Amino acid sequence: MNKKIIFASIFVIGMLALAMGYGTYAYFSSTRTSTGNIFTAGTLNLQLSNDYANWYDGVTATWTSPSGWAPNASFTNTLYLKNVGSVDAQVVYQDLTNLNDLDGLSNYIQVTEISDSIPWGVDPAYGTNYVVNFIPRCDLNGDGKLSLAELASWGDRKTTSGSPHPWDITTSAGETLTSPPPTLPAGGTLGLRFTFKLMEETPNEMQGKTCTIDLKVMASQNVLAGLP
Amino acid sequence: MKHKQIVTSALTIMLVLSLVMFMANQPSASACTIPFGKRIRFDMELSPNVPLFRPDVNGCFYPGSPKITKKLQAVNVGDIPFRICWFEVTFHGDTYLATGLQMEILELGKGKGEKPHVLYNGTLSSLSKGVEVSGKSAIPQGKSVTLQIGVWMPNTSGNEYQGLTLTADFAVTVHFPPVK
């Protein structure tokens, strides 16, 4: 019994000594601080304009057919894009969506021009007409023309990695993305010009009919996964 | 009777131990009075004494942006050698940005061709709790060790980090003894 008490006492004393010693035998140390280091992430922010003067997050009625639009007549307009962020956009994607066409008018609207501005500016010299790139992929009826209906359905039909992806690249295929200049540099602008023509063979029953469609554009710092 | 003796002995030993530990734990005021002793100074300074990372100088971070590298020297201004042992970062502002930034801290070698020693490689946010590191070299009195600090945003980071800004205070701790 006595031995037990003695061992218990020695154990308690040992533990107390250890606890006190832990605080006593710490290392010398010194700490200094480098303060005020600032890390900021850039931004990529796209704004749109119909007139290159007033910029918004979204615009309406960029392309509105003229009154009395008749077969074989065309109209052209430009949607301006501005990168108001601080990071360059290497690619700009587009998606025609929300086609509202109860009467099938979009089958008789021919897209004769899709081009982007080179260089950036209010009155750019327009570059390549990308319609020729779309015809092999989108011309479903094989008439050699790209109708608005065919172009709008492209996003639904195209598949990447097994799932539909509506976005398509507007710049020329094979562009070296790592080479300057970027498609839409920070602070830069870009014009997307579309020309629409009412086809010669548009039947009489399309008189007075209307269709609407939305064009979504997306600027990306780099090529999105699964896209060209 | 025996119990009393045991308790008395235990209390006496504890009292003596407490006194010894208390005296040993006192600051160097008593050491100064020892005629054959010298007050030891253990100290370190960081150089340059200005913020290393500034967006107006280095630009902004974005996914896949190039690594921004800065050098920071820890100078031994004390009397005995030290070794780097601890990093800790305190954040202010948009602290979420720290989860999207990677940091690499290298201890650069002195000799030609000497490979840098990796002290830390991970997210900036992980440094908020402090990280124990093992400095390669013992830095003698009057000498310094150069830390190379690289920060970048991996290309897997997404839109959620756009426009965020944080300020970071970067603390470096050295310790003695310098032996690993």
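Descriptive notes on the structure:
- Residue match in segment B:129-151 (condition: open to solvent by less than 50 Å² (accessible area, probe 1.4 Å), more than 28 Å from B:P81 (Cα to Cα) and within 12 Å of chain A (Cβ to nearest Cβ)): yes
- Against the criterion of being within 12 Å of chain A (Cβ to nearest Cβ) and either part of a strand (DSSP E or B) or at pLDDT below 95 (or both), B:V172 qualifies.
- Single residue of segment A:56-112 satisfying the filter (open to solvent by less than 70 Å² (accessible area, probe 1.4 Å) and without any contact (Cβ under 8 Å) to a residue 40 or more places away in the chain) that is nearest to A:T195 (Cα to Cα): A:P66
- Looking at B:L106, B:L166, just one residue is touching a residue at least 40 places away in the same chain (Cβ under 8 Å), within 10 Å of another protein chain (Cβ to nearest Cβ) and not β-branched (V, I, T), and that residue is B:L166.
- Qualifying residue in segment B:77-84 (condition: among the acidic types (D, E) and over 14 Å from B:V151 (Cβ atoms)): yes
- Look at (1) open to solvent by less than 50 Å² (accessible area, probe 1.4 Å); (2) modelled with pLDDT of 95 or more and you find that A:G14 fails only one, number (2).
- Within segment A:30-58, being of a type in the set (V, I, T) and part of a strand (DSSP E or B) holds for A:T31, A:T33, A:T35, A:I38, A:T40.
- Boolean, B:E107 is acidic (D, E) and surrounded by 14 or more Cβ atoms within 10 Å (Cβ to Cβ): yes
- Residues (under 21 Å from the mean Cα position of the chain (by Cα) and on the phi > 0 side of the Ramachandran plot) located in segment A:29-63: A:Y52, A:A61
- Test for B:K112: is it out of contact with any Gly (no Cβ under 7 Å at 6 or more places or on another chain), among the basic types (K, R) and either closer than 27 Å to B:N159 by Cβ or in a loop (DSSP other than H, G, I, E, B) (or both): yes
- Qualifying position, being under 30 Å from A:Q221 (Cα atoms), away from chain A (no Cβ under 11 Å) and either among the basic types (K, R) or open to solvent by 20 Å² or more (accessible area, probe 1.4 Å) (or both), among B:P154, B:P116, B:P63: B:P154
- Residue among A:N133, A:N129, A:N98, A:N77 that alone is modelled with pLDDT under 90 and part of a strand (DSSP E or B): A:N98
The values are calculated or read from the model by the stated rules, or taken from the named source; none is laboratory data. Worth saying up front: this structure is predicted, and the values here are computed from it rather than measured. Cβ atoms come from the backbone with ideal geometry, glycine included; neighbour counts cover every protein chain shown. Each accessible area value is taken on the protein alone, full model and side chains, heavy atoms only, with ligands, DNA and RNA left out. Shrake-Rupley method; radii C 1.70, N 1.55, O 1.52, S 1.80 Å.
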